Every structure is written in C-alpha cells, then in structure tokens.
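Notes to accompany the following structure.
The values are calculated or read from the model by the stated rules, or taken from the named source; none is laboratory data. Since this is a predicted model, take the numbers as computed values, not measurements. Cβ: placed from backbone, ideal geometry, glycine included. Neighbour counts: every protein chain shown. Surface accessibility is based on the protein's heavy atoms, side chains included, excluding ligands, DNA and RNA. Shrake-Rupley method; radii C 1.70, N 1.55, O 1.52, S 1.80 Å.
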Amino acid sequence: MLYLIGLGLGDVKDITVKGMEIIKKCTRVYLEAYTSILTVGKEALEEFYGRELILADREMVEQEADEILKDADVADVAFLVVGDPFGATTHSDLVLRAVKAGISYRVIHNASIMNAVGCCGLQLYNFGETVSVVFWTDTWKPESFYDKIKRNRLNGMHTLCLLDIKVKEQSVENLIKGRKIYEPPRYMSVNQASEQLLEIIQNRRGQSEKLALSEDTICVGLSRVGAEDQKILAGPLKEMASAELGGPLHSMIISGHLHPLEIDMLKLFAVSEASFEKLKMTDSSTFTS
C-alpha cells in the first residue's frame, strides 16, 4: 500500500493519530521537501516518529517516482506531505503511477493552508480561485495572477495567494553546465508579493485599464499559520508592503465583497486601526478607475 499522509501546518504534533500509526508500520517513509515546510526540521520529525525519513525533493518525486513506489505492492510505503496531500499542491501523478503499477493507495488527510486561512475571519465559501504569486526577476515579470484576482473580485470573491518557495533551485549558469550546485532557499514574503501587486497596479493604470484593485484594497497577510507564533495583519495593500509578519511561510489574501461580520473580524488584526476605519469597504467589491 502507498500511503499519502498529511502532516498539518505546525510542528511534529500536528500529525493525526491515524497517520502516526501508519508511519510506524511502514517499510519506508518519504518526506516531501519542496512544496512547503514545517516549523521544525527533518531531525525533529525523525525523533518524534521514531523512524528514519527519506527526503524526497522535486527531482525525486518528478523524475524518480518509481523509486518511491518500489515494492509498494508487497510492502507499506508512506509519503509525507506538509499540510494535506491534496491541498495547495496535488500529488496526483504519484497516485496515477501507483494505480498503473497495480499498487493500492490510501490518503490520510490533515489541515492545509487552503482551509486554515479561515483563522483570519474571512468565510471560506466566499473564496474564489487560489493563485500562486511567483518571484519576479529582472527579465521575467508575469502578471497572470493579477488577472485571476480580477476575475475573483468581479464575482465578489476573496483570493488566497500562495507565495513562491524556492528550494533546491539551480542558477541558469549551473543548470546549463550541469552542475549540481543549488541556490539558498528563498521564501516570498507578504511584503514582496504586495510590492509586485502595487507595480502591476501602476502598470495597468498607465494603460488606462479599469483596475481590479487599488492601493487601498483590503488585504490580509498571514505567517506561520498553525504554529504558536502565527501572525495575521489586515489593512490596505499599500500597508502590506511594509507590514512586519516575521519568518516564513507567508500567505496573502486579497479581499472581495466583505460581509459585516468579516469586517469586524478583520479589525481584530488591523495594521492601523485609524487607517482601517477610514477605508471605504465598497472598494472590496467594486473596480476602481
């Protein structure tokens, strides 16, 4: 059996009892190590589980999946995923490979950022399509995520923005030369995502486009959701660019139409109570010129 086990969002204790029991009986246990991170490292997980973990980076999962599935038809193999196995990033390819090879699989679910963002007070059924915000470079500045936010706001829906993670990435030079030299890990902050959005707003304004959001649109920044030191801040986009949210991982929400109860909840996390009170809440459900 192949088990895909969600670890939750916080630390070693967020795993379910069911997940823990399965880990202890498996022949091999892999830890997926590129779509998200816990607040603790591999060593802490190994100590708590009493098992050795095999790190499964992007290269292994995408190019060496057969190694993960090896003998899983006659033994139990666990594949651990931070959050939920089918939360922010799906692992459908691994499941399809297992089925094709005649291997049974089972999913042990857990909390993911997709549902845990409800901690800020915005109602989950008012969210539209989730978007990914990628790191820009000097020569590559995609704006497609803005267009998805625009569609959500047109429908009055909130947008969860999953911010870029760069783990075990190679520079273009090392990639071309085939050198297995990797860049230091990078995790996008709410500040960086806000700055990119503000630049897009300026670009679109310069093109006389009707804007999907403005510098005053209510946004929510979240960091280390599920951990004891999680932090939530709410306020206009322009304030999110300088808001202090601490260490990774960060997520961001662009609000849509706000229910009065949602507004009251967001005030609990206001960056600046004065500026929050001054905002016209209608900005959250209408386009600006």
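In order along the stretch 210-216, the phi-based Karplus estimate (6.51 cos²θ - 1.76 cosθ + 1.60, θ = phi - 60°) of 3J(HN,Hα) comes to 5, 7, 7, 7, 10, 4, 9 Hz; Gly and Pro are listed as x.
Beyond 23 Å in Cα-Cα separation lie the following of the pairs Lys13/Lys267; Lys13/Lys180; Lys141/Lys166; Lys238/Lys267; Lys24/Lys180: Lys13/Lys267; Lys13/Lys180; Lys24/Lys180.
How large is the translational diffusion coefficient of the stretch 203-260 in µm² per second when you combine the Kirkwood radius over alpha carbon pairs with Stokes-Einstein at 10 °C and 1.306 mPa s? In µm²/s, the coefficient is 124. Counting only the backbone N, which residues of the stretch 1-44 are under 12 Å from the spot 7 Å out from the Cα of Ser104 toward its beta-carbon? So the set is 1-3.
I need the Kirkwood Rh of the chain: take the reciprocal of the average 1/r across all distinct C-alpha pairs and report it in angstrom. Intermediate values should be presented prior to the final figure.
Details: mean 1/r = 0.0488 Å⁻¹.
For the chain, the Kirkwood estimate is 20.5 Å.
Applying the Karplus relation 6.51 cos²θ - 1.76 cosθ + 1.60 with θ = phi - 60° to the stretch 61-69 yields 3J(HN,Hα) values of 5, 8, 10, 10, 4, 4, 5, 5, 7 Hz, where x marks Gly and Pro.
With contributions of -39500 (n - 2.57) from each DSSP H run of at least four residues, the per-residue ellipticity at 222 nm computed over the chain stands at -8500 deg cm²/dmol.
The 3J(HN,Hα) values that the Karplus relation (6.51, -1.76, 1.60; θ = phi - 60°) gives for the stretch 220-232 are, in residue order, 10, x, 10, 9, 6, 4, x, 8, 5, 9, 4, 9, 10 Hz. Gly and Pro appear as x.
Scanning residues 5 or more positions from Leu162 or on other chains, those with amide H under 5 Å from its amide H are Val131, Ser132, Val133, with H placed 1.01 Å from N in the peptide plane. The convex hull defined by the C-alpha atoms of the stretch 1-152 has an orientation-averaged projected area of 11.0 nm². Once backbone amide H atoms are built at 1.01 Å from N, Arg28 has Ala78 as its partners under 5 Å, excluding neighbours fewer than 5 places away on the same chain. Relative to the compact-globule estimate of 2.2 N^0.38 Å, the Cα radius of gyration of the stretch 1-91 comes out at 0.99. In the full protein context, the stretch 71-144 carries 50 Å² of accessible surface per residue, based on a 1.4 Å probe and ignoring ligands, DNA and RNA. Diffusion of the stretch 67-145 by Stokes-Einstein, at 25 °C in a medium of 0.890 mPa s and with Rh set to the Kirkwood radius over alpha-carbon pairs, works out to 156 µm²/s. Just the protein heavy atoms count here, and of the accessible area of the chain at 1.4 Å, carbon and sulfur take up 51 percent.
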